[in-house]
Amino acid sequence: MIYDLIIAGSGPSGLSAAIYASRAGLKYAVIEKMFMGIGQISEADKIDNYLGLESINGFDLGMKFRSHAEKCGTEFISDEIVKIEKTDNLFNISLKNSAEKIISKTIIYALGASHRKLGINGESEFTGKGVSYCAVCDGAFYKNKTVVVVGGGDTALSEAVYLSNLAEKVYLMHRREGFRASENLQKKIAEIKNIETILNAVPIEINGDKKVSSIIFKQNEEIKKLFVDGVFVAVGMKPETDIIKNIVDTNESGYIISDETGITSLDGFFAAGDVRTKSLRQIITAVSDGANCVNSVEKYILEN
């Protein structure tokens, strides 16, 4: 059997693509690494910036997305993609747990990107309970509170600036003597009164009861404790693009080069969600990507 479309990934962009593929009458399937997967949205404790839903748990919203896709008749294949090849204008997809290859005219690649972790005690335990990887997503929950941003690049400093308009106090912690961020951002940080930098500091442990209450760090060989309500980790992201780097163009950070259309350097291969180059990685932009990609898929199939 030859599919019109294979969607790699069952996060918001992949499930959105599934709904639009169903409406377009395409023969399609979603390949998901985890059975009944819904992507990183499941890690969000509370979401209050998705249009029409004033407040909802991330897992619940993800399951609503999945239920919608299931009601549209979406076929789900629970397996891990290990290789993608294109031969005679068709994609051959190899799976980890199956000897049989899946063949498709097009692919929407929506495997996302994962946040780099600090790898310290308490980080995973308090994720969604005071530990966050996105200031735009969770900053509103820390109005008039004290937070710390960990990182030294553009993302970390930008998050600190964003949080300074919400939180009463923002600490910016970096393991080195100086930041790697742009000069403009560094100047802006220096001008904001409620941001305090902590340099040469390495986080060791995050503590709390039901929610984060403090972070332990080492600074100049001295162990210190900082009382905070939230820890924002901004030490980079890793796009899930290792298996496709040799077949499609990516930027220096590994993200697939693509705009809102999802069109990439490889004909018939489209990118959606956090895995592609974009300035804002949010649930609502991921959902939009899925719809746009299916529109591009339809045009491609008609022309080929």
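Scanning the range 66-96 for residues that are open to solvent by 40 Å² or more (accessible area, probe 1.4 Å), in contact with a strand residue (DSSP E or B) (Cβ under 9 Å, 6 or more places away or on another chain) and either assigned to a loop (DSSP other than H, G, I, E, B) or over 17 Å from residue 34 (Cβ atoms) (or both) returns 75, 80, 83, 85, 86, 89, 90, 96. The set of residues in the range 176-209 being modelled with pLDDT under 95, out of contact with any helix residue (DSSP H, G or I) (no Cβ under 9 Å at 6 or more places or on another chain) and under 21 Å from residue 222 (Cα atoms) consists of 176, 177.
Against the list (1) β-branched (Val, Ile, Thr); (2) open to solvent by less than 30 Å² (accessible area, probe 1.4 Å); (3) outside any loop (DSSP other than H, G, I, E, B), the condition residue 284 fails is (2). Scanning the range 47-60 turns up no residue that is open to solvent by less than 40 Å² (accessible area, probe 1.4 Å), touching a residue at least 12 places away in the same chain (Cβ under 8 Å) and out of contact with any strand residue (DSSP E or B) (no Cβ under 7 Å at 6 or more places or on another chain).
Every condition in (1) of a type in the set (S, T, N, Q); (2) assigned to a helix (DSSP H, G or I); (3) under 19 Å from the mean Cα position of the chain (by Cα) is met by residue 184 except one, and the failing one is (3). Among the residues of the range 219-234, just one is modelled with pLDDT of 95 or more, open to solvent by less than 20 Å² (accessible area, probe 1.4 Å) and in a loop (DSSP other than H, G, I, E, B), namely 228. Applying the criterion of being closer than 22 Å to residue 87 by Cβ and assigned to a loop (DSSP other than H, G, I, E, B) to the residues of the range 263-281, the residue that is least open to solvent (accessible area, probe 1.4 Å) is 268. Note on the range 134-164: among residues that are on the phi < 0 side of the Ramachandran plot and either assigned to a loop (DSSP other than H, G, I, E, B) or among the acidic types (Asp, Glu) (or both), the one that is surrounded by the most Cβ atoms within 10 Å (Cβ to Cβ) is 159.
The values are calculated or read from the model by the stated rules, or taken from the named source; none is laboratory data. As the structure is a computational prediction, the values presented were derived from the model and not from experiment. Cβ atoms come from the backbone with ideal geometry, glycine included; neighbour counts cover every protein chain shown. The protein model used for the area step is the full one, side chains on, heavy atoms only, and it has no ligands, DNA or RNA in it. Shrake-Rupley method; radii C 1.70, N 1.55, O 1.52, S 1.80 Å.
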